[in-house]
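Peer 1: My questions all concern the structure below.
The values are calculated or read from the model by the stated rules, or taken from the named source; none is laboratory data. Note that the coordinates shown come from a computational prediction; the quantities given were computed from them, not determined experimentally. Neighbour counts are summed over all protein chains in view; Cβ atoms, including those assigned to glycine, are modelled from backbone coordinates with ideal geometry. Protein only, heavy atoms only, side chains kept; ligands, DNA and RNA dropped before computing areas. Shrake-Rupley method; radii C 1.70, N 1.55, O 1.52, S 1.80 Å.
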Amino acid sequence: MSVKVVAFVSVKPGKEDAFVAAARICISASRAEPGVLHYDLWREVDGERRFVFNELYVDDDAVQAHMASDHFRAFGATARDLAAARPSITVTHAVDVAD
């Protein structure tokens, strides 16, 4: 069953470019993982202008493999210093609505 992960990250003022640079490395490597179907970074237009990770995996095992990867762990260590708060992460499973 496919898994969608959406993560919102608020970054400290003035640290946005450093965050994007670190995310770029992680995203590039993540997109090459066998269980990753989609992995993008967005930024809110209004409000806090948080960064939004939009991720899609083939299954829960692919999510776990991603979280255990060296590039994800390295990004997490860097992002902790750049983030203004803990990220808000939502993990969802697909709902089959076909007839």
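Peer 1: On the basis of being part of a strand (DSSP E or B) and either β-branched (Val, Ile, Thr) or at negative phi (or both), does Asp40 make the cut?
Peer 2: On the way: part of a strand (DSSP E or B): yes; either β-branched (Val, Ile, Thr) or at negative phi (or both): yes.
Criteria met by Asp40.
Peer 1: Hey, another quick one. Run Met67 past the list (1) surrounded by 13 or more Cβ atoms within 10 Å (Cβ to Cβ); (2) of a type outside the set (Phe, Trp, Tyr); (3) farther than 10 Å from Ser2 by Cα and report the number of the one that doesn't hold.
Peer 2: Against the list (1) surrounded by 13 or more Cβ atoms within 10 Å (Cβ to Cβ); (2) of a type outside the set (Phe, Trp, Tyr); (3) farther than 10 Å from Ser2 by Cα, Met67 comes up short only on (1).
Peer 1: Could you please let me know if Phe53 is aromatic (Phe, Trp, Tyr), out of contact with any strand residue (DSSP E or B) (no Cβ under 7 Å at 6 or more places or on another chain), closer than 17 Å to Ser28 by Cβ and outside any loop (DSSP other than H, G, I, E, B)?
Peer 2: no
Peer 1: Right, something else. Taking Ala84, is it touching a Lys or Arg at 6+ places or on another chain (Cβ under 7 Å) and open to solvent by 50 Å² or more (accessible area, probe 1.4 Å)? Give the steps one after another, and end with the answer.
Peer 2: On the way: touching a Lys or Arg at 6+ places or on another chain (Cβ under 7 Å): yes; open to solvent by 50 Å² or more (accessible area, probe 1.4 Å): yes.
Answer is yes for this residue.
Peer 1: How about region 14-64: which of its residues are of a type in the set (S, T, N, Q) and open to solvent by 40 Å² or more (accessible area, probe 1.4 Å)? Outline the logic, then answer.
Peer 2: Going through region 14-64, the residues of a type in the set (S, T, N, Q) turn out to be 28, 30, 54, 64.
Ser28, Gln64, listed by residue number.
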